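The values are calculated or read from the model by the stated rules, or taken from the named source; none is laboratory data. The structure displayed is predicted, hence computed values, not measured ones. Virtual Cβ from ideal backbone geometry, glycine too; neighbours counted across all protein chains shown.
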């Protein structure tokens, strides 16, 4: 992966956002605010200030505090808000834990509240679900990784949430690696042909992975020189048999498993011996974490 892509991931994970994410935040605020927060404008004095706390209402793994701060800072006049983070991203917390405290103009906080909460709840939900999957495979040597099944426009944040939950990242985009799947194979004229074409044209540092569905496809992939194989929709028993073949024929080949993997069976797949287990549910099916923002008039304020 090039330097630009690496920088994008690191900056996102550390909470220092690229211009694209700032644009996303501004668009999200504009979507919610429309022509203005009529309720706050009619009920809250313009000069009123408030303090508040982001509180976990269930046990969860936190991710997105820096995102929530960026949302608030994008809507509150420069220097007008104080945001104090009380826990770290990636930390597992119990219900009732104060995640962060804020102080600032009441109207501005209320105008940004829903966008900030939507994002931190979404991202913490992904981190929480990822942590559950990671715990299920503990001690097996298999790593849990995400997929490209992300919310359009939120991929970098959702993948950072997977990292916070202890998972790993697969491709960030189509330019980030070669993964030959069933439709590529069909159009290219066969599995072996697709792999050979990719190996011929790919830069020497770019690995070529191919999806296989049975032992025949595995032997074809190995013969064609694939660097990694993706066992798709196999049973744990079928995966175990194919892993034995790979370890015997070409032990350097990376083995990934995908398809029909859930919390109920990921341990079985992990014990079959793959290096990676990709789980689309980490990002496409995670339930938003339960987090609230409780405000009160700032001492001496007029709210």
Within segment 74-83, identify whether any single residue is surrounded by fewer than 24 Cβ atoms within 10 Å (Cβ to Cβ) and within 20 Å of the chain's Cα centre (by Cα), and answer yes or no. no
With respect to residue 255, determine if the residue is without any contact (Cβ under 8 Å) to a residue 60 or more places away in the chain and either assigned to a strand (DSSP E or B) or touching a helix residue (DSSP H, G or I) at 6+ places or on another chain (Cβ under 7 Å) (or both). yes
Exactly one of 176, 182, 214 is out of contact with any strand residue (DSSP E or B) (no Cβ under 7 Å at 6 or more places or on another chain) and closer than 26 Å to residue 284 by Cα, and that one is 176
Of everything in segment 151-168, what is closer than 13 Å to residue 278 by Cα and within 8 Å of the chain's Cα centre (by Cα)? Give them in sequence order. 159, 162
Please identify the pairs in which a residue from segment 185-213 that is assigned by TED's automatic domain parsing to the domain that holds residue 243 has its Cβ atom under 7 Å from the Cβ atom of a residue that is assigned to a loop (DSSP other than H, G, I, E, B) and surrounded by 21 or more Cβ atoms within 10 Å (Cβ to Cβ), counting only partners at least 6 apart or on another chain. 195/226; 208/226; 209/226; 210/226
So, in segment 164-176, exactly how many residues are under 19 Å from residue 138 (Cβ atoms) and touching a helix residue (DSSP H, G or I) at 6+ places or on another chain (Cβ under 6 Å)? 4
Of all the residues that make up segment 271-290, how many are crowded, with 23+ Cβ neighbours inside 10 Å and touching a helix residue (DSSP H, G or I) at 6+ places or on another chain (Cβ under 9 Å)? 7
Here are the criteria: (1) surrounded by fewer than 16 Cβ atoms within 10 Å (Cβ to Cβ); (2) in a strand (DSSP E or B). Tell me which single one residue 260 does not satisfy. (2)
Would you be able to say whether some residue in segment 36-55 is modelled with pLDDT of 95 or more, surrounded by 12 or more Cβ atoms within 10 Å (Cβ to Cβ) and more than 23 Å from residue 295 (Cβ to Cβ)? no
Per the filter on segment 95-131, residues closer than 16 Å to residue 290 by Cβ and touching a helix residue (DSSP H, G or I) at 6+ places or on another chain (Cβ under 7 Å) are 99, 100, 114, 116, 119, 120, 123, 126, 127, 129
Is it the case that residue 64 is touching a helix residue (DSSP H, G or I) at 6+ places or on another chain (Cβ under 8 Å) and on the phi > 0 side of the Ramachandran plot? yes
